[in-house]
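Working notes, structure below.
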Amino acid sequence: MDELTGVLAAYREAVPDPEPGESFMPGLWARIDARRSPVRVLRAFAHAFAVLAAVTVLFIATVLIPRLQTAPVYSASYVDVLENEHAGELAEAPPVR
Amino acid sequence: MLVEFDVLEQARGGNEAAFNAIVRAYRKRILGTIARLINRPEDVEDVGQEVFLRLYFSLGQLRTPEVFEPWLYRLTVNAAYDYLRRQRRRHESRMSDLSEQQVTMADAAAGGKRSEDEEYRRRVRETVEALLGSVSPEDRILLTLKEVEGLSLRELEQVYHVSENTLKVRLFRARQRVMKAFDALAKTTGEVT
C-alpha cells in the first residue's frame, strides 16, 4: 500500500458518516413540494391541451368534414344520363314489336 | 440493499411513505459519501437533499430494482459534481488555501484545545482536501469513490456506465495527477500527515 492510498484510507476514518439533522426530512419535502407545484401546473395544462385536441379532432371528423365534402360531379351511371336526356323521345317512340 | 424491492415498487408508484422509508434507509450512507466527496460539512445536507430530490422525480425511470444502489450513487455523484463545479466558479477562500499563520490564527480564534485524535483527523482532512482540490472534480469524485468509499470496479462500471478498461485508464490518470500534487505537497511540508 503506497502512501497516497494510506492517506485516502485514513480520510475515510477522519470523515465518518454524519448523522442527519432533524430538519433533513422536512427540508427535503419542502424542496419536493416547491418543485412539484410547477410540474403539477404543467401536467394540468398538458391534460387540458390533450382534451381540447381530442374535442377538436372529433368536431372536425363529425361536423366539418361531412360539410366540406362536395357532391360528386357524376352521381349517375352513363346509361341513366342517356335515359334522362332522351326520356321524351323514348316516350314518343312506338313500342318495338 | 437496505430496502425491499416492494418498497421501491411502492415508491415508484407514488407512495410517499415508501419514499420516506428509502430516504431514511440510505440518507446516512449518502450523506457520508457526500461529506467525503465535497469536504464541506456545512453543505452536506443541502447536497444530500438535492440527491433525494432528484431521486423523487426520477424514480419512475428506474428500470429494475436491482440497479437501484448504483443508480443512487450516480445521482450522488452528479449532485456532488454540480456542487464542486459551482464551488470552483465561486473561487471561495478556503482554509486549505490560507497560509499556516492564518490557519493557526483561525484555530486560536475558534478557541479550545483539540485532542490529538481530532488534530490528526483535521490534518488528514486538510491534506486530502489540498490533494483532491488540485485535480478536476471528475478525478476527485472517481478517486474518492474507489479509494475512500471502497467501490469495486464492477460497482463503478454500473455507476459510470463505462467498461472496466476505461475505468482503469481513468483511475490510473487520476492517480497520476494526485500523486504529482502529493509529491509537491510532501516537498513543501516535509511530511504529509
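The values are calculated or read from the model by the stated rules, or taken from the named source; none is laboratory data. Bear in mind the structure is a predicted one, so any value in this text is a computation, not a measurement. So basically every Cβ, Gly included, is an ideal-geometry build from the backbone, and we count neighbours across all protein chains shown. Calculation scope for accessible area: heavy atoms of the full protein, side chains included, ligands and nucleic acids excluded. Shrake-Rupley method; radii C 1.70, N 1.55, O 1.52, S 1.80 Å.
Could you tell me whether chain A comes out rounded, prolate or oblate from its Cα gyration tensor? Rule is a ≥ b ≥ c as square roots of the eigenvalues, rounded for a/c under 1.5, then prolate if a/b exceeds b/c, otherwise oblate. Walk me through the numbers on the way to the answer.
On the way: a/c = 11.84, a/b = 4.06, b/c = 2.91.
Prolate, because a/c is 1.5 or more and a/b exceeds b/c.
Note down the relative contact order for chain B as a percent, whole number, built from C-alpha pairs under 8 angstrom at least six residues apart. Before the final figure, lay out the partial values.
Details: 128 pairs, mean separation 38.5, N = 193.
Here the relative contact order equals 20 percent.
Can you put B:ASP6, B:ASP82 in order of accessible area, largest first, using a 1.4 Å probe?
Working: B:ASP6 85, B:ASP82 40 Å².
These residues rank, largest area first, as B:ASP6, B:ASP82.
Any idea how far apart B:LYS187 and A:ALA48 come out in nm if each label point goes 7 Å out from Cα toward Cβ?
6.7
Restricting to DSSP loop positions (anything but H, G, I, E, B) with no more than 10 other Cβ atoms inside 10 Å of their own Cβ, which GluC sites (Glu not before Pro) remain in the stretch A:1-49?
Details: sites: A:GLU3, A:GLU13, A:GLU22; in loops: A:GLU22.
The qualifying sites are A:GLU22.
With point charges of +1 on the Cβ of Lys and Arg and -1 on the Cβ of Asp and Glu, referenced to the Cα centre of the protein assembly as shown, which listed residue (B:THR166, B:GLN10, A:ALA10) lies farthest in the positive direction of the dipole?
A:ALA10
In degrees between 0 and 90, to the nearest 10, how far off the longest principal axis of chain B does helix B:16-38 point, with axes built from Cα atoms?
Once rounded, the angle reads 20 degrees.
Can you give the angle from 0 to 90° between the axis of helix B:116-132 and the longest principal axis of chain B, with both taken from C-alpha atoms, to the nearest 10?
Its long axis makes an angle of about 80 degrees.
What total accessible area, in Å², is buried where chains B and A meet, using a 1.4 Å probe and rounding to the nearest 100?
Details: alone 12030 and 9710 Å², together 18370 Å².
Answer for the B-A pair: about 3400 Å² buried.
Give me the percent relative contact order of the stretch B:1-92, please, defined on Cα pairs under 8 angstrom at least 6 residues apart. Could you put the intermediate results ahead of the total?
Working: 59 pairs, mean separation 26.1, N = 92.
With pairs under 8 Å counted, the relative contact order is 28 percent.
Give me the accessible area per residue for the stretch B:1-92, probe 1.4 Å, as a whole number in Å².
Values: 4290 Å² over 92 residues.
So the stretch B:1-92 comes to 47 Å² accessible per residue, rounded to a whole number.
Helix B:44-58 versus the longest principal axis of chain B: what is the Cα-based angle in degrees, 0 to 90, to the nearest 10?
Long axis of B:44-58 versus the principal axis of chain B: about 20 degrees.
In debye, nearest 20: dipole of the stretch A:19-92 around its Cα centre with unit charges on the Cβ of K, R (+) and D, E (-)?
1100
Give me the distance in nm between label points sitting 7 Å out from Cα along the Cα-to-Cβ direction at A:GLU89 and B:ALA25, one decimal.
The answer from the label model is 9.4 nm.
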